[in-house]
Structure formats: structure tokens, C-alpha cells
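A.B. asks: Let me give you the structure first, and then I'll get to my questions.
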């Protein structure tokens, strides 16, 4: 090697962090620091272009636009109202019923779309309206809507899992989907418990009991909507088709349901939905492409090994290391968005976690759970911003109401981190892990 | 598209120039909306046909090709609407004057990267002419990379327009496809939420 590795590492990471602090978009910061380092190390620049193109040249990535599109169609097509109705029929009768409805509807919606933003913007207005009308504190209902939307990134389908599988190269998307299943539902149940306790203490109302026949009717009406979840889950779990293909079929099915069965979606609105997808793709694909080049330099300079050895130097206790990693991710999650963090951190952190006996699926779910908390923490949290905007609440007030909910999410995160059973049981059962 | 009626410096060149480019850009966005529908149809019909025993052999490769095409155009859309992830938290702590100067520097860096993408995009197309696609052997490998220089060009163009402060000459791609009558899905542009790239201060 004709160059100094340490200088190259400092050049790569230093210029990257400097540029993003100076508000250059993350994707261009990654490009710029990669180009600089390549110039310094004398790497052929063509490699960068090839890395950028080849990191997008993957069939499983195609699932991202498809799942986004399916989510858009569902959101526009009246499916979200249906989900709230079903949830109300099922859990509305308990103390703090509408809060439970909020969580359950998000759980069901999470089974169709993988984005918390889509969750909040399509379910949020109705949920918050209902809760506020029933006498809940508007800040609390906003906070609960934001937190519950984080189930969406854990419960399959989740495009962040696809990004993760891309970033570390070849973790099975199906396995990740199955691994996220139980943690997502667990988060929902934890939130319901928290909501129950808070509702009892603040004396929030008990919802109306929906008669049995009515419940059956609502359930019947929403079967087509819920079938989407079944298509995706069963298709992937039992190997009928890959995640990408299930996403394409889910798109068609969602389109059929919302135009023919529920008749809420008009054909002339479709270009608008497509454009929304293209807008999200603009962010995600650019990141994946430039992260492909960036990660190439990161691994060429052996940064993961270096990071692992310095982290092991701090402590050799497995639990302490995991705690440190989680803390680091939580801090990063506060100031940065989910997708870029997954792309940057997972190639560096995965080797560390593998060496202390985690499997790659558990690490992925832990990472995504952790960054999901980051989605609702200030100063930068996508879900938090959108939630406050949709609910027209002030950020500080909402954050105050979120404090107990953060606690609940942290409990969930610790469970996912230290109990491998939660993430690994289902993938093992279905043969994704041995 | 809002037309600024007051004449400004550089109008004589910029107006006709941007008109042509905006027209191309809008056409591209339209084409890609159609292509994305085609993608869904190709992949899902492949699944369905496979149950009957005859899958589409080229579905995988063609859909990947369309995706690469979309990705690089989408990158420039991100520059146009300013939706690329950026961290404004620390930047807002700097003095206003520095912020102003550095925004120009950021645009210059973005343009430089755009030029890089154009140059190496053209090179990679040249190299790819020799290779063949893996499944559809009739086509050269450079088919995969066709839109890379195009995306690079629009990145440079939009970064330049932002730098000159001529947002009034930029197309709003949304208006092309959906002239102001969205009955569905009110996107979260409600009071309190500023443009996504400016909200990172949080309060």
C-alpha cells in the first residue's frame, strides 16, 4: 500500500462528518468523502460508479417502491378507516379504549406498509380526532399516535429491513420479516399496557361496546383489507414468492380492494400516489447508491475491524458492549434519520455483534427497533414532526406526554437486545436460521 | 408554474434555457410514472404466470434495469424539491453570514458531484457497450446505466438553479402530473410543519 491507512480513515470519516454538519445532504457528503479518499488512495474512480450502480442493481430492493406504493394505495383507498373500525370493534370496550384502538390499528396497518410516516398521515387524523373528541388530552393522543406508528417499521413488510439486508449484504429479507414480527407485536402490547395504566390514572373514558353481530359485520367488511397482510406474510413465510414479488402482488390486490371493493380510490388519483412514491424513492435510492460506494471504502480501509477491536478494548463483557452500542445508536438516532444510519452503521457494527454471539437477524431487528425510537425523539425525528403537524400540536407539549412511552419503548429495546428468543424463534422455526 | 414577471439578471439566457430543460424533465417524470406501473405489472404477472408454469424469463433483469434508471433520475428529483436528508441542527448555530456563504459552497459541491456522475456515467456506458446483459443477451450491458449521466445533468442543473436563487424558473414536477386537484390523501403540509429540509431545529 502506497498510502497511510490512518490518514485515509481520518480523511474519509472526517470529511464526511464535517460535510454533514455543514448541511450538505448526506448522500452528497458520502459521495464527496468517498471521492476524496479514493483520490488519496489512488483507487480507480470507475469503482465508485460501479459500486453506486451495482448497489441498486438488486431485485430485492425493488420491494421498496412496491411496498411504498401498496401503502400509498391503502392509505388513499379507505383501508385505514376500515382498520380503525375493526380495532374499535375488538378493543374499544376497555378502559382507555380509543388508545388501544390507536395502537391496534397501527399494528394492522404496519402489516401492510412499512413506514411510520404513512401510518401517521393516513391513520393519524382519524385516530386523533376520535381520541380528542372522547376527552383524551390532545397532546397525549398525538404522542400515542406517533409512538404506535413505530410498530410499522418492525412489523413486516418493512422497507428499512430491506435496506438493512442490502447494507450488510445478503441477510435474508424473509428471515428479517419473520424476526420483526414478534418484536413489533410485543411493542404494540407494551404500548397497550402503558395506555391502560395511563388511562386508569387519568380516568380516560371506556369506549362503547360494539354488539357482537355488528362486530362480525365490520370484520367481514375488512377481510379484503386484511387479506393484504395475509398475502405478504404467508407468501414470504412459506416461500410462495420472494418479498419483492409479494410486494408487487400486494400492490395489485390493494389497488383492486380500494377501487373495486371500497370504491374510495379514483383512477385519476393514481398518478399522485405514484409521484409520492417517486419522491420517497428519491431519498432512499440516492442514499443506497452513495452508501454502496461509501461502504466499499469503509471496508477497504478495515474500519469495522478497527472499531470492533477498540470497542472490545473498552470492555469484554458482552452485555456492556451491547449497551454501549445501543446508547450510541440512540444518540445518533436523535440527530439523524433512519435510512442513512442503517446504511452507515450496520456494516461497521454487525461484525462486533456477530463476534459476541448475536445473529445477523437479531442485530438487524435491534438496530431497527433502536432507530425507530430515534424516529420519535427530538431534535430530529420524522415521526414526531409529522405527528405534531397532523395533530396540530406543539412539539414540546407532545414530547412531555411521550416520556412514559419512551420508557416503554426502551423496555422493548432491552428485551430485543438481551433475549434472542424474541427475534430468533420465528425465523428458526421457518428455517431462515439454524 | 409561478412566473416571476420582474426582469432579473441573467433572464435573457436562463428563461429559454430553463424552459427547454424543464420540458425534458417533466417528460421524464411522466415517463417514469408510467414505467413504475409497468414495473408492478411485470413483476406481478411473472408471479401469476409462474403458477401456470411459464414465468417471464426477463422479468427480473428488466425490472432491475428500470429500477436503476429510476434511481438516478429520482436522485435529481431529491435535489429539485430539496428532500435529501440533511442535518440543519448544527448548521443553524453558525453565524448567518457563514450560512449564506456555505450554502453556495454546498451547491458547488453538489454540482461537482453531478459533473462526476455525468463524466463517469458516460465512461461506464462506454465500457458497458462491450458486455452483454445476463439474461437478455441481445442488449449491451450499458443499457443498465443509460440514465446515470441524465440524472447527473439534472443534479447539476437543479443545484445551479437553487444556488442562483431561481426557484421561480424550476418546474414543479407535481403540477405536471396533477394540476392542483388532489381529492385524496392530503399530504402532511399542515401548519407547524415547515418544508422537510428546514425543520431540523425541532421547535
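The values are calculated or read from the model by the stated rules, or taken from the named source; none is laboratory data. Computed from a predicted structure; not experimentally measured. A quick note on method: Cβ atoms are made from the backbone with ideal geometry, for glycine too, and the neighbour counts reach across all protein chains shown.
A.B. asks: Residues that are facing chain B (nearest Cβ under 9 Å) and either closer than 30 Å to residue B:142 by Cβ or under 24 Å from the mean Cα position of the chain (by Cα) (or both): which helices (runs of 4 or more DSSP H) entirely in the range A:24-115 hold 3 or more of them?
C.D. replies: Details: elements: A:26-41, A:46-56, A:63-76, A:79-91, A:97-110.
In the range A:24-115, A:26-41, A:46-56, A:63-76 are the helices (runs of 4 or more DSSP H) which contain 3 or more residues that are facing chain B (nearest Cβ under 9 Å) and either closer than 30 Å to residue B:142 by Cβ or under 24 Å from the mean Cα position of the chain (by Cα) (or both).
A.B. asks: Let me ask something else. Mind listing whichever residues of the range B:151-170 are out of contact with any helix residue (DSSP H, G or I) (no Cβ under 7 Å at 6 or more places or on another chain) and modelled with pLDDT of 85 or more?
C.D. replies: Across the range B:151-170, the qualifying residue is only B:164.
A.B. asks: Considering only the range A:21-48, how many residues are surrounded by 19 or more Cβ atoms within 10 Å (Cβ to Cβ) and free of Cβ contacts under 8 Å to residues at least 12 places away in the same chain?
C.D. replies: Within the range A:21-48, the first condition is being surrounded by 19 or more Cβ atoms within 10 Å (Cβ to Cβ), and the residues that meet it are A:22-35, A:37-38, A:41, A:48.
From the residues that got through so far, the ones that are free of Cβ contacts under 8 Å to residues at least 12 places away in the same chain too are A:22-25.
Summing the residues that are surrounded by 19 or more Cβ atoms within 10 Å (Cβ to Cβ) and free of Cβ contacts under 8 Å to residues at least 12 places away in the same chain in the range A:21-48 gives 4.
A.B. asks: With respect to residue A:18, is the statement that it is surrounded by fewer than 19 Cβ atoms within 10 Å (Cβ to Cβ) and closer than 16 Å to residue B:91 by Cβ true? Walk me through it before giving the result.
C.D. replies: Numbers: surrounded by fewer than 19 Cβ atoms within 10 Å (Cβ to Cβ): yes; closer than 16 Å to residue B:91 by Cβ: yes.
Yes.
Residue-by-condition table, conditions (1) buried (at least 23 other Cβ atoms within 10 Å of the Cβ); (2) modelled with pLDDT under 90:
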position	(1), (2)
A:378	no, yes
A:383	yes, yes
A:392	no, yes
A:395	no, yes
A:402	yes, no
A:425	no, no
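A.B. asks: Among the residues in the range A:128-138, are any farther than 30 Å from residue A:243 by Cα, buried (at least 24 other Cβ atoms within 10 Å of the Cβ), without any contact (Cβ under 8 Å) to a residue 40 or more places away in the chain and more than 13 Å from the chain's Cα centre (by Cα)?
C.D. replies: Yes, the conditions are met somewhere in the range A:128-138.
A.B. asks: Select from the range B:82-100 the residues that are within 9 Å of chain A (Cβ to nearest Cβ), free of Cβ contacts under 8 Å to residues at least 60 places away in the same chain and in a helix (DSSP H, G or I) and write down the one among them that is surrounded by the fewest Cβ atoms within 10 Å (Cβ to Cβ). Give the steps one after another, and end with the answer.
C.D. replies: Start the filter on the range B:82-100 by keeping residues that are within 9 Å of chain A (Cβ to nearest Cβ), which leaves B:82-92, B:94, B:99.
Filter once more, keeping what is free of Cβ contacts under 8 Å to residues at least 60 places away in the same chain: B:85, B:90-91, B:94, B:99.
After this cut, where a residue has to be in a helix (DSSP H, G or I) as well, the list is B:91, B:99.
Working: B:91: 20, B:99: 15.
Selected residue: B:99.
A.B. asks: Identify the single condition in (1) modelled with pLDDT of 85 or more; (2) farther than 23 Å from residue A:283 by Cα; (3) surrounded by fewer than 24 Cβ atoms within 10 Å (Cβ to Cβ) that residue A:1 does not satisfy, given that it satisfies every other one.
C.D. replies: Here residue A:1 clears every test but (1).
A.B. asks: Among the residues that make up the range A:186-199, is at least one of them more than 14 Å from chain B (Cβ to nearest Cβ) and modelled with pLDDT under 90?
C.D. replies: No, because not a single residue in the range A:186-199 is more than 14 Å from chain B (Cβ to nearest Cβ) and modelled with pLDDT under 90.
A.B. asks: Go over the candidates A:157, A:224 one by one and state the one that is buried (at least 20 other Cβ atoms within 10 Å of the Cβ), at pLDDT below 90 and at negative phi.
C.D. replies: Details: A:224 fails: buried (at least 20 other Cβ atoms within 10 Å of the Cβ).
One residue alone meets the criteria, A:157.
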